[in-house]
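Beneath this line is the structure, given in structure tokens, with notes to follow.
The values are calculated or read from the model by the stated rules, or taken from the named source; none is laboratory data. Computed from a predicted structure; not experimentally measured. Positions of Cβ are generated from backbone atoms using ideal geometry, with glycine treated the same way; all protein chains shown enter the neighbour counts. To get the accessible areas, we keep the full protein, side chains included, count just its heavy atoms, and leave off ligands, DNA and RNA. Shrake-Rupley method; radii C 1.70, N 1.55, O 1.52, S 1.80 Å.
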Amino acid sequence: MKISLYYGLPVLLVILLGSTCEKVEMILTGSAEITVTNPNGPLTGVVVTITPAVEGVGAQVTDANGIVRFRDIPTGDYLFVAKDTVFGTMSVAFTINDHPVFRGEIKFREGNNPPDLEINSFNENFASIFLLGDSITVGFLIRDEDQPMGIPWSLTITSSLDGVVFQGPTGFFASDLRFALTSLGRHELTFKITDDTDLSDSDRGLVDVVPVPDTPVLILAQASLTGTVIEWESRDSTQFIRYVVTRIYEDTGEEMDIAFLPFSERTFTDTEAIVGREAKYRITKQLESRNLVSDDLVAEFQYPTVNVGGKLGGLIADPTRSFLYALDQQNERLLFIDVDAGAVTHSLPLNGKPVSFHLNTSADRLYVLIEGQQVVEVFDLERQMALRTIEIELPSDDSHNHSSGLVEVGMGNLVYFTDDFPGMLRLYSGTSGELLSEIPIGRYPTATYHAASGLLYVGSDEPFGGTLQRYFAADGLLTMETSITNLFHAFYYRILISADGACLFHGRQKRLTSSLNSLAGSFNDYLLAISDDGQLAAGSTSIFNATDFTFLRSLPHHLQFGAFPSGSQQFYAYFETTDNLVIIE
């Protein structure tokens, strides 16, 4: 027999009926009254169920006052669950015991949304880096539509290596939080926020805790043809370190971070440094985006220079001697520059302002054209002395007398060219100065002679584009072999021939001399000099690998001219802004 009692303590009664002894279980029950509300008052029509289910006790729907009533609930622990199509689901726990009636309230918040936790210092796919012993600061943001500011949330931070590192209430929607990690390695951090209704949200992040690294030490900063090479020493091998290379110009104090390198690098080549400006370099270690420790030992260098004592108008390398020859237009001198000594070791006076000069086929004579006088001075390079002067015979028609330059084409004969329009090639005797022949050409001419092949290459400009021509010089005559046109407009673009005569450089182009129509490739600059082996090329702003056309390093704007000494790994550069030759090793 089952008896339901609404009052009293739960007991087990044994009742003897008649003359037989029968054990009867009497289970005490209670009732419950639940009120369902939201911030606006009672809610009508909300379905409320009981968990665990009780036989004979079904779901109830709140009345106009938001109340449901349940009867005959056995003693024990239960959960009332209220479900609403608008506000969602909420629940309240209760116990049927010595209270005859349980009265409880289920409070729906507006929308019944759980709080939203956002940790803005971390994300799941990126490990932030911290030094051992550093305090970690994270910013958190809580979005809670249903709770006013000041209602406490419980925040817990758990590390996969150190366990719980922070736990406590917070009454702020947004704040910064500091805590420390004590173990080296990668920590997976879990951030959990719980509100007063046990609704919660969580976020996570990765943190790498690393040892304090050492200070890098610079050991080299050296200029070269391919750039300024910087090297440093550092014992760190952690993948979380990167190096920042900073360039500092001494004259202006200008600083620029020029490289960001991984932990495995210990060297960098600065191809953008301006030649001739004294620079320093600093290496800084960074822990991801944080400055970690800087190198206080700054390496510095200064490009070596040759003091030429005046404004130059040309520079040429001797193919057989360790010398360069320069035209000093300011002081009207011919300068002899000893490459081994890195200095001007001799000079000879000229009879006027020099315009152009040329080495003869055997490199024992140097011819210098004097401006406005149609005079060529001849010098002995072995003895470093003046030999004689050649007066060039001018034709009676003097409409083509604006000199542009000259080249020696063997047997002492000279080709003199002018830059009127049309221009003119004139072949003169190198002995008497007699005019042997002349050929009209385009304007802005340049020319180069290759002695081994006996070929003269001439570039000039036409109204329709540039022209490149090849002549054979012999017996006092210039015979044109081939000509190509429509290249590009050529305004005094130099013609440069490799020592073996296989390649020709004109403007930005490299061509094969076997067929001038065969274009080997193009550079991103107009070339002013090549090395004697044809491996390096210098333009007005850059140095290139002349074989594969790749950029090697930057030069200042407006490089006027330069030369690669024979058999040397140096480049002598002359700029508009200096009276010195700058040596790039």
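Against the numbered list (1) open to solvent by less than 50 Å² (accessible area, probe 1.4 Å); (2) over 28 Å from Gly309 (Cα atoms), Thr547 comes up short only at (1). Being closer than 26 Å to Thr389 by Cα, more than 36 Å from the chain's Cα centre (by Cα), of a type in the set (Asp, Glu) and surrounded by fewer than 17 Cβ atoms within 10 Å (Cβ to Cβ) is a property that holds for Asp475.
A single entry from Ser404, Ser437 fulfils the requirement of being modelled with pLDDT of 65 or more and in a strand (DSSP E or B): Ser437.
For Thr190, are the conditions met, namely being modelled with pLDDT under 75, within 30 Å of Lys107 (Cβ to Cβ), open to solvent by 10 Å² or more (accessible area, probe 1.4 Å) and out of contact with any His (no Cβ under 8 Å at 6 or more places or on another chain)? Write out each step before concluding.
On the way: modelled with pLDDT under 75: no; within 30 Å of Lys107 (Cβ to Cβ): yes; open to solvent by 10 Å² or more (accessible area, probe 1.4 Å): yes; out of contact with any His (no Cβ under 8 Å at 6 or more places or on another chain): yes.
No: the conditions fail for Thr190.
Pairing each residue of the range 565-585 that is over 14 Å from Leu324 (Cβ atoms) with any residue that is modelled with pLDDT of 75 or more and of a type in the set (Ser, Thr, Tyr), provided the two are 6+ apart or on different chains, yields C-beta distances under 8 Å for Thr578/Thr305. Of all residues in the range 498-525, those satisfying the criterion of being part of a loop (DSSP other than H, G, I, E, B) and touching a Phe, Trp or Tyr at 6+ places or on another chain (Cβ under 6 Å) are Gly507, Arg508, Phe523.
Quick grid of which residues meet (1) open to solvent by less than 50 Å² (accessible area, probe 1.4 Å); (2) outside any strand (DSSP E or B); (3) modelled with pLDDT of 70 or more:
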residue	(1), (2), (3)
Ile136	yes, no, yes
Glu145	no, yes, no
Thr156	yes, no, yes
Val164	no, no, yes
Gly168	yes, no, yes
Phe172	no, yes, no
Asp176	no, no, yes
Phe179	yes, no, yes
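A count restricted to the range 325-364 and to residues that are among the aromatic types (Phe, Trp, Tyr) and open to solvent by less than 20 Å² (accessible area, probe 1.4 Å) stands at 2.
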